[in-house]
Structures are given as C-alpha cells and as structure tokens.
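Asker: Let me begin by handing over the structure; questions about it come next.
Here, each number is a calculation from the coordinates, and none is a lab measurement. None of the values given here were measured: they were computed from a predicted structure. Cβ placement follows ideal geometry from the backbone for every residue including glycine, while neighbour counts extend to all protein chains displayed.
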Amino acid sequence: MRLKIWSAVVFLLISLPLAGSYLFNKTHVGWLIESVPDSIAYKDNWQTIINNLTEVEHPAVIHLLPENCLCRVLSAKHAGQITVQAQSAGFNVFQLNSGDSSLGQRVSAPDINTPFSPAIAITRDDGTLAYVGAYSDGIRCNTGTSMVDQFLESPASLPARTVVGLDVQTCRCLNSAGHL
C-alpha cells in the first residue's frame, strides 16, 4: 500500500510540472509573426498609439507590460535593465498602463489595440518609431538575446527606417480582441 502511495506521489511530482510546462508553452510561447499577419499595419498602429500619447517626450522608450500578462514575470527584469540603459543614453522612459516604478513614468492609454504583449517601442527625437516589437528572442526575455540593445546606444544613432521585431519565438500574451 505504501509503495502505491509513494508511486502516486512521485508520478504527480513528475507529471504536474511537465503538464504545467506543456500548457504554458502551448498558450504563451510562440512566433510573434504568427500573431501579426501585417507588420506594416502593426507598425502604423503603434505609431498612432504613440502620436496620441501627448505626455510622452521623445526620444523615448515605451514599455507595454500589462500587469495581467503572465509573461511580465519573465520580461520585467530585462525591461528594468533596458530602462536604466535607455535613461543613461538620453532617452525618456515610459510605461503604458502599469505602475512599476522601475519602468519609467506611467502614461495612460486605455484603448491600446495590439495583438500581443509584452512589447517595446523606441522613438526618435521627432516621435517616429525606430523600433517596435519584442524585447528579446526566446522565452526567458533576457539581455543575452535582446532585440533592443543595439537601439539604445544613443538617440542620434537610431536607424532611419523603422525596425519591426516580430520574427522571434518568445513568451507572449495574445489578445484576440486586440485590446489590452
């Protein structure tokens, strides 16, 4: 009888984490490009969002890490590192609709229409997008696979064309309705 109980306990200790990992990967890990069929429309949508944020001073780094998104846990440390790096390089740093003091000044944008989060936007002095998309490639969202470090050297070194960082497999919270 004890052997059966211990076998059941061992089975549960092994199978529950595996099942949880499988479910997490199935629901939160994927290619961003699959969530965004038109990257130009995605970029244009973000530019509209930024144009409507009158409190944002440019050049800026704008974090979108909704508090109800499980991927926030995996992205928050990297986002905090980006904040420090961006501020020291001369960027203004903002966060949309969340209250994490390590991610810059909070700005309210109640009707954000975007298919996934977390996301980050980097703007030039004139407010136009230089980068929009994922923080990094890979589910752990860390500096070793950062998509944005190259844009944070200085506002003057931003590329002339907008880079849309969607061709990555990462942790993402999908929003089928589009609103976060």
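Asker: Skipping prolines and chain starts, which residues have an amide H placed within reach, meaning under 5 Å, of the one on residue 93, given they are 5 or more residues away or on another chain?
Answerer: Under 5 Å from the amide H of residue 93: 61, 105.
Asker: How large is the charge dipole for region 28-174, taken about the Cα centre, if only the Cβ atoms of Lys, Arg (+1) and Asp, Glu (-1) carry charge, to the nearest 20 debye?
Answerer: Charge dipole of region 28-174: 280 debye, to the nearest 20.
Asker: Can you list the residues, at least 5 places off or on another chain, whose amide H is less than 5 Å from the amide H of residue 136, using H built in the peptide plane?
Answerer: 147
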